[in-house]
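Input: a single structure, listed below in structure tokens.
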Amino acid sequence: MPSTVALSLPAKGAPFTLTEIERRPLRDDDVRIDITFCGVCHTDLHFGHDDWGGTFFPLVPGHEITGVVSEVGPSVTTFTVGDRVGVGCMVNSCGKCAPCTSGEEQYCTEGFVKTYSALDHDGEVTLGGYSQSIVVAEPFVLHIPEALDLDSAAPLLCAGVTVYSPLRKWQAGPGKRVGVLGMGGLGHLGVKIAAAMGAEVTLFGRSPDKKDDALGFGAARFVDTGASADLAGLEGYFDLLINTVPARVDVDAYLGLLGLGGTLVNVGAPGDPIASYNVFSLLGARRCIAGSSIGGIRETQDMLDFCAAHHITAEVEKISAAQVSEAWENLSDVRYRYVIDIATLTMA
Ligand code: NAP
Ligand code: ZN
Ligand code: ZN
């Protein structure tokens with residue numbers, strides 16, 4: 001079996017170790033990718049800390065992967081050696097259910113196979129992109145447009161599509177007022193993408209020092225939700241709120257900001273249940289609470305092409321493999337996504 005170097009967490013709470021892992025020999029429809037960059041998503045931490053339960057250890061996280069094709073199986077038609085490619089949160093699905101056949105593999109009725117910490121259909125546990133190379137079946141590999149750099153494009157593969165999908169579904173665009181809660185990896189891309197779609201964007205954040213960045217990314221307004229939180233004057237104002245916060249928020253307070261038929265979409269995923277809400281917060285203006293999971297493969301390619309056309313990439317801080325543990329400790333310090341330079345991931 002071909003082996004590759006990876007950063008692995010042997011157990012919950014254990015430090016990262018450099019280790020050799022095996023990648024499967026190429027199947028007919030497989031693409032082997034030399035990874036160049038991998039984003040550090042907050043979800044990687046949730047898995048490392050086993051926040052949601054069921055993490056497979058040893059864990060090799062990473063699902064914001066960009067790289068270059070190094071080998072293709074004989075039946076691969078859409079990629080050749082040297083192509084710039086990406087892999088996001090999914091590497092397999094049943095391919096037969098209604099969501100799969102309509103391009104929404106993320107809602108596969110059998111559960112999509114996650115890029116890491118999942119049991120693939122062949123019985124192997126998947127290992128993610130904190131590694132030198134990966135083998136992925138052609139239908140789950142994305143083309144990275146020439147206009148995008150591989151480092152700042154990497155976070156689009158998870159963070160980007162996770163905000164793009166609900167913004168499209170709930171029709172963010174001209175005349176729509178969109179609020180984004182939290183400005184980390186997902187949130188900053190939510191601001192950029194919603195603004196590029198033509199919506200009026202408001203960022204709700206607890207970090208006033210991010211205000212200028214939010215306005216620079218295209219927000220029309222910054223609302224401080226920290227110590228001096230003040231949501232007054234915005235009641236009933238919004239069509240859509242995208243909540244990226246990985247912790248409890250005051251659901252009733254945010255529902256009150258939605259106008260008639262407005263929707264609060266949760267994409268942030270705290271381990272404990274989201275705070276309860278008063279049903280009257282919904283009834284009075286036929287409001288909705290929704291959730292959204294990443295995006296389908298076709299939609300992910302649409303998002304990459306949209307970002308290329310609108311010159312949107314993530315704001316990234318490149319780190320070496322040796323800095324990953326520290327980056328996990330200080331995730332809230334980054335502006336706005338750590339990206340691992342995989343060239344630094346060697347056994348030497
Ligand atoms: P991140 O980079 O850590 O950003 C989270 C932001 O939320 C922070 O920058 C902060 O912004 C705000 N925040 C408010 N209260 C917080 C608290 N108590 N702890 C930490 N942050 C707080 O995270 P991310 O990578 O954007 O991911 C956000 C969440 O989305 C995570 O739960 C992740 O697992 C989830 N996620 C879901 C999907 C999906 O498919 N639904 C996909 C990817 C990620 P301010 O400083 O502006 O307040
Ligand atoms: Zn992610
Ligand atoms: Zn399916």
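Results, tabulated for the structure shown:
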| quantity | calculated |
| --- | --- |
| Residues within the range 279-338 that are of a type outside the set (Gly, Ala, Ser) and under 24 Å from residue 262 (Cα atoms), tallied | 11 |
| Where residue 48 falls short, out of the listed (1) away from ligand 1 (no atom under 14 Å from the Cβ); (2) surrounded by fewer than 24 Cβ atoms within 10 Å (Cβ to Cβ); (3) under 26 Å from residue 189 (Cα atoms) | (1) |
| Residue pairs meeting the criteria (Cβ under 8 Å; at least 6 apart or on separate chains; first closer than 12 Å to residue 312 by Cβ and modelled with pLDDT of 95 or more, in the range 156-168; second buried (at least 24 other Cβ atoms within 10 Å of the Cβ) and among the basic types (Lys, Arg)) | 159/337 |
| Candidate set: the range 196-224, residues that are of a type in the set (A, V, I, L, M) and open to solvent by less than 30 Å² (accessible area, probe 1.4 Å); chosen: the one farthest from ligand 3 (Cβ to nearest atom) | 223 |
| Subset tally (residues that are touching a strand residue (DSSP E or B) at 6+ places or on another chain (Cβ under 7 Å) and open to solvent by less than 20 Å² (accessible area, probe 1.4 Å)) for the range 121-142 | 12 |
| Residue match in the range 73-80 (condition: over 18 Å from residue 112 (Cβ atoms), open to solvent by 50 Å² or more (accessible area, probe 1.4 Å), away from ligand 2 (no atom under 16 Å from the Cβ) and small (Gly, Ala, Ser)) | yes |
| Residue among 100, 94 that is free of Cβ contacts under 8 Å to residues at least 12 places away in the same chain, open to solvent by less than 40 Å² (accessible area, probe 1.4 Å) and within 16 Å of ligand 3 (Cβ to nearest atom) | 100 |
| Residue match in the range 27-34 (condition: among the aliphatic types (A, V, I, L, M) and open to solvent by less than 10 Å² (accessible area, probe 1.4 Å)) | yes |
| Pairs, first over 23 Å from residue 112 (Cβ atoms) in the range 275-296, second assigned to a loop (DSSP other than H, G, I, E, B) and open to solvent by 20 Å² or more (accessible area, probe 1.4 Å), C-beta under 6 Å, six or more apart | 275/248 |
| The range 118-144 residues that are of a type in the set (Asp, Glu), paired with ones that are assigned to a loop (DSSP other than H, G, I, E, B) (beta carbon under 7 Å, 6 or more apart) | 120/126; 138/29; 138/76; 138/78; 138/79 |
| Helices (runs of 4 or more DSSP H) completely within the range 235-341 that count 1 or more residues being open to solvent by 20 Å² or more (accessible area, probe 1.4 Å) and closer than 25 Å to residue 145 by Cα | 297-309 |
| Residue match in the range 174-191 (condition: under 26 Å from residue 293 (Cα atoms), within 21 Å of the chain's Cα centre (by Cα) and charged (D, E, K, R)) | no |
| Residue match in the range 89-96 (condition: of a type in the set (Ser, Thr, Tyr), away from ligand 1 (no atom under 16 Å from the Cβ), outside any strand (DSSP E or B) and modelled with pLDDT of 95 or more) | no |
| Residue among 191, 125, 180, 163 that is β-branched (Val, Ile, Thr), within 15 Å of ligand 1 (Cβ to nearest atom), under 28 Å from residue 51 (Cα atoms) and in contact with a Phe, Trp or Tyr (Cβ under 6 Å, 6 or more places away or on another chain) | 191 |
| Filter result for the condition that a residue is away from ligand 2 (no atom under 16 Å from the Cβ) and either among the aliphatic types (A, V, I, L, M) or open to solvent by less than 10 Å² (accessible area, probe 1.4 Å) (or both), over 159, 227 | 227 |
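The values are calculated or read from the model by the stated rules, or taken from the named source; none is laboratory data. Quantities reported herein were computed from a predicted structural model and do not represent experimental measurements. Counting neighbours? That spans all protein chains shown, and the Cβs are built from the backbone with ideal geometry, glycine included. All accessible areas refer to the heavy atoms of the entire protein, side chains included, with ligands and DNA or RNA removed. Shrake-Rupley method; radii C 1.70, N 1.55, O 1.52, S 1.80 Å.
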